[in-house]
1. Among the listed pairs Lys186/Lys441; Lys196/Lys317; Lys163/Lys196; Lys163/Lys186, give every one whose C-alpha distance is greater than 25 Å.
2. Among 296-306, 129-139, 201-211, how do they line up from the highest to the lowest mean number of other beta-carbon atoms within 10 Å?
3. Which whole-number percentage describes the relative contact order of segment 87-198, with Cα contacts under 8 Å and a sequence gap of 6 or more?
4. Under 13 Å from the Cα of Lys316, which aspartates and glutamates turn up, not counting those fewer than eight places away in the same chain?
5. Which number do you get for Rg(Cα) / (2.2 N^0.38 Å) in segment 304-390?
6. Evaluate segment 46-85: find the radius of gyration of its Cα atoms, find its Kirkwood radius, and give the ratio Rg to Rh.
7. I want to check the label-to-label distance for Val209 and Gln461. Put each point 7 Å from Cα in the C-beta direction and report it in nm to one decimal.
8. Taking neighbour counts of Cβ atoms within 10 Å as a proxy for exposure, in what order, fewest first, do Thr84, Thr336 appear?
Amino acid sequence: MACNHSEHLAIDRRNFLVASGVGFCGLQLPSFSNAAPSPAPQLRPTAKSTILIWLDGGASQIDTWDMKPDAPLNYRGEFQPIQTSTPGIVLCEHLPRLARQTNHLAIVRSVGQDVRSSPNNHTSGIYYNLTGHPPDPSFTVLGENRVPLADDWPFIGSVVACKKNLHPYLPQLVTLPRKLHVITDKGGQYAARLGKQFDPLIIHGSRDVPLQFTTPALQLPQDVTVGRLNDRRQLLRQISGTERALEQSLSMNDYNKHQQRAFSLLFSKQTKRAFDIAAEPESVRNKYGKGVNAMSLLMARRLVEAGVPFVTMIWKKEDPELHKKKFCNGVGSWDTHGKNFPCLKDILLPNFDQMFAALLEDLSDRGLIDETLVVVTSEMGRMPRIGDKRVGGASGRDHWRQCMSVLFAGGGIRGGQVYGSSDRLGEFPNEQEVSPADIAKTIYYAMGINDFTATKPNGQQFNLMEEGRPITELF
């Protein structure tokens, strides 16, 4: 039987475009309209990079950084607040390391989402908080089965990747140690209408071997040598008709430039060095912790230090069997429908406290804190009233998109402050209410982005973000 070598050399369209960064924000494309809108004046960035830490499942704000010690017991729960290094700011007793780092923190306690127009579920919350755009009616119709669509609004990180200058040998946007998947693949984490070339590069992390990360998009297919792949004619035979059409519409110089960038990502020593987490001294790794989430956060620091503009760390269950044993009873790690308090106390908070405090200290020690924006967020908060009737969790907390908190640090943020407040029971925003659109605009503001014009692959221009305003008081 004859061998078809083209099958072994195939590079799929998504991986090629993600690796090369060819896109409609960074290239001069043929004009499809008579007049393009004038770009907005350039905004001076306060940050060079962003690390977004996603607490998958919906972290309980009332048990962490928006505690209500004067609320009734069936609201405030069993955890006690502790004083921090910043007068007037209290945190949960199970966050002692972070309590010593509040000089870096800005806590936004008044993030609200309107649940009248979309379900109070993971899929809607993920989309809203990762794009800054409210869910459309399809989220109500399909619920948790709603999958990503090509015309979704793009992920915040994809917009940053689109608007920032290409790095010479590293990807614009990385997500690790996994992508979001709750029942189905989730919209909001991809570039969508911006085009697949601005999708994140996914780096997979292993629970069993936390120091081992794999990057499928930057790995050669089996039996393919560098010499064979470096043959440009061989590569062009693997690029689909879509890419050949793109080559015809670009100058050859532009095409060659971006093709060369794909090669540099595949083969450069700098890329391999940035991804080599084992190169970190053991003493540094131990500060973060031992698990896949800790090593992912350390990897995020390595990537922004190397120059990657946007890195998303999505929390991964370290020990699914332990979650079952503790009856956390959620689809995501922080989805504490069951026994909320043991799950937080014994699993989630100690790990988060160690790695997040280590990150802030590490960034500060390396002189990176002022140029690296760090954001901690989730798809929702948890219901302030204890007891989840839906899953039988007497000490659980159900979904609560109506009010949540977001943490900011570094990247020009003025630390040691709280912005906004929730009401007496933590159920709704009380003062200085903000939306996920405002959070997105705040990230864009820090990254120096205020030109939101973009072009779809068909040449249609659109505005990436009309809603929201940056919370400039944080800076």
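Coordinate-derived values only; no laboratory data. None of the values given here were measured: they were computed from a predicted structure. As a convention, Cβ positions derive from the backbone with ideal geometry for all residues, glycine included, and neighbour counts pool all protein chains shown.
1. Lys196/Lys317
2. Values: 296-306: 22.8, 129-139: 21.1, 201-211: 17.2.
Ranked by mean Cβ neighbours within 10 Å, highest first: 296-306, 129-139, 201-211.
3. Working: 121 pairs, mean separation 30.9, N = 112.
Across segment 87-198, relative contact order equals 28 percent.
4. Within the straight-line limit of under 13 Å, Lys316 reaches these aspartates and glutamates: Asp56, Asp208, Asp335.
5. 1.32
6. Values: Rg = 14.5 Å, Rh = 12.7 Å.
Ratio value, two decimals: 1.14.
7. Between Val209 and Gln461, the label points sit 5.0 nm apart.
8. Thr84, Thr336
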